[in-house]
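Once you've had a glance at the structure underneath, I'll fire off some questions.
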Amino acid sequence: MAFELVEKHGLDRVRMLSALEEAALRAVKSGNADPPMREIYRRASNHVRDNDLWILCDCRPEESAKPVIVPRRIAPGRVLLVNLPNASALHAEGCVFARRDAGEEQPVRIPDRSLNPFSGGAAHPDRPGTGIGPPTPWSPSALSTGRDPPSVAHILKTFIQAAQLNTLAGTERFASPEEWLAEIRRAAERFHIAPNVPASEFLFIDPESWHGSEVQETLDAAERSWPERSRPCGILCWVAHDVTEHEINRGNREAGYARSVSPVASPIVHDNRVSGPYLFLGAVARPDDGRAWECHIACAQPIVTPECPIPVESHYERRAVDSLRHLVRDLQNDGGLRQALGNAVRVELRKPLFPFRVLGGRCLPDILVIVTRPGGYGYRPGDPDDGRRDGPYADRDQARYIVEVMGFRDPEYEKAKQETHSRMRRIGRVIRMEGPQFDSPHNGLERQRRRLTKQIAKDLAWRWKTG
């Protein structure tokens, strides 16, 4: 088995990979590479992309058509060598590229649920269909009903949750937006955008792939063999600093400019769009008239900061989440609580993205604080916001606290919140933070956060005191 470098256009032979390059490629794809081998792989993959080359794999010497390996830039300076999407020539069993190649880890099962936002449209431009149409309306409390096509907001939140970026622990793993965007792409391996087409193969997290020709060329190549009854499409995803009705990063083009045919959906408070920064997701498709690929539907999800991509739905909520980072630290380091319970607690700060189902209806808490007692089993991913609990919540090892960030002070708002809070109490204890008072000299944000920390610590000591 050997790997041959060829020109991207025409597949003319350039040279064979050197023995060291081939060894590095095999080590990385099998997950056994040490740092020197990873560096050789990095140089080789960048060389392939920078010189418009592809790689032919000779794992099926008896076949006339050879499997094609192409470079995919996933972040500045980082290129992966992956299989050509929807290629007709497949790798032989036992070839390192026979595994799904969107990352360097053993892939997990792909669910049946398709995340193609155009799944109701034509499969190809020359076939009749329903067309692209307007975007699915989005509100902060939107719940996917399983209808096709899923909204771009639902797709984005699905990726965020799969990457665990709606948790403080999840976001603190990364030093830069490039790192957590790459984690979103790895999480996208778990989903598909069409039958047997992993979403990660068509998720582009580097703006240069859109400004250049990579997105268009990738979709052009995939369109010819795209599965029936599913519209060929791609997904763009990166940080946005400003949003207009149809444009992303209009005032910060160097960060990744994009224009959406449909108005960009994002949370609205007091008839004003919640300010950035945002996590942008755009769905790319070819219009029915066969013109060039365009970003047709887009959403902009506000996040805390580019370094902390926890989603938020209002400016008050952004400030609250940013402040509650200190609550996690203070509870885990509380000496009095440690003495009362025999050891330190573990604290999880989480932003639920999909509503809970509880007796009496659904509810979507603003912020969830999950505390695990010393020696407890710990947080189980998927439990808090998988929408399947009927309540009431009760667990001897964990305590839940729902932090509701109140944004208004009028009677109608309070009345509506009373109803949702009664449902939330089946999940955990509800504690309010008063957003309009965050800048008050007597009840400001930090004072509210310190008071909330004391409330939780007192409740935990009462629940779990050892003696």
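The values are calculated or read from the model by the stated rules, or taken from the named source; none is laboratory data. A quick note: this is a predicted structure, and the numbers were derived from the prediction, not measured. In this analysis, Cβ positions are derived from the backbone assuming ideal geometry, glycine residues included, and neighbour counts consider all displayed protein chains. What goes into the accessible areas is simple: the full protein's heavy atoms, side chains included, and nothing from ligands, DNA or RNA. Shrake-Rupley method; radii C 1.70, N 1.55, O 1.52, S 1.80 Å.
I need a count of the residues in the stretch 9-29 that are at pLDDT below 85 and open to solvent by less than 50 Å² (accessible area, probe 1.4 Å).
Number of matching residues: 3.
To continue, here is another question. Could you list, in sequence order, all residues of the stretch 402-453 that are among the polar types (S, T, N, Q), more than 26 Å from N333 (Cα to Cα) and not in a helix (DSSP H, G or I)?
S440
To continue, here is another question. Does V68 satisfy the criteria of being within 28 Å of R286 (Cβ to Cβ), touching a Pro at 6+ places or on another chain (Cβ under 6 Å) and modelled with pLDDT of 80 or more? Don't jump to the end; show me each part of the working.
Values: within 28 Å of R286 (Cβ to Cβ): yes; touching a Pro at 6+ places or on another chain (Cβ under 6 Å): no; modelled with pLDDT of 80 or more: yes.
Spelling it out, it is not the case that V68 is within 28 Å of R286 (Cβ to Cβ), touching a Pro at 6+ places or on another chain (Cβ under 6 Å) and modelled with pLDDT of 80 or more.
Which residues, counting only those in the stretch 320-357, are free of Cβ contacts under 8 Å to residues at least 60 places away in the same chain and outside any helix (DSSP H, G or I)?
Once the filter is applied, which keeps residues that are free of Cβ contacts under 8 Å to residues at least 60 places away in the same chain and outside any helix (DSSP H, G or I), the stretch 320-357 yields N333, N343, A344, R346, V347, R357.
Which one of these does S262 not meet: (1) small (G, A, S); (2) farther than 18 Å from M433 by Cβ; (3) assigned to a helix (DSSP H, G or I)?
Failed condition: (3).
Going through the stretch 330-340 one residue at a time, which ones are surrounded by fewer than 20 Cβ atoms within 10 Å (Cβ to Cβ), farther than 20 Å from G170 by Cα and not basic (K, R)?
Residues satisfying the conditions are G335, G336, Q339, A340.
Right, another one. Within the stretch 421-467, count every residue that is open to solvent by less than 40 Å² (accessible area, probe 1.4 Å) and either in contact with a Cys (Cβ under 6 Å, 6 or more places away or on another chain) or within 25 Å of G360 (Cβ to Cβ) (or both).
Within the stretch 421-467, residues that are open to solvent by less than 40 Å² (accessible area, probe 1.4 Å) and either in contact with a Cys (Cβ under 6 Å, 6 or more places away or on another chain) or within 25 Å of G360 (Cβ to Cβ) (or both) number 8.
Quick grid of which residues meet (1) aliphatic (A, V, I, L, M); (2) open to solvent by 20 Å² or more (accessible area, probe 1.4 Å); (3) at positive phi:
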| position | (1), (2), (3) |
| --- | --- |
| E317 | no, no, no |
| A320 | yes, no, no |
| R325 | no, yes, no |
| V328 | yes, no, no |
| V345 | yes, no, no |
| R350 | no, no, no |
| F356 | no, no, no |
| L359 | yes, yes, no |
| R362 | no, yes, no |
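Can you name the residue in the stretch 220-241 that is open to solvent by 10 Å² or more (accessible area, probe 1.4 Å) and among the aliphatic types (A, V, I, L, M) and is also modelled with the highest pLDDT among such residues?
Only one residue tops the list, namely V239.
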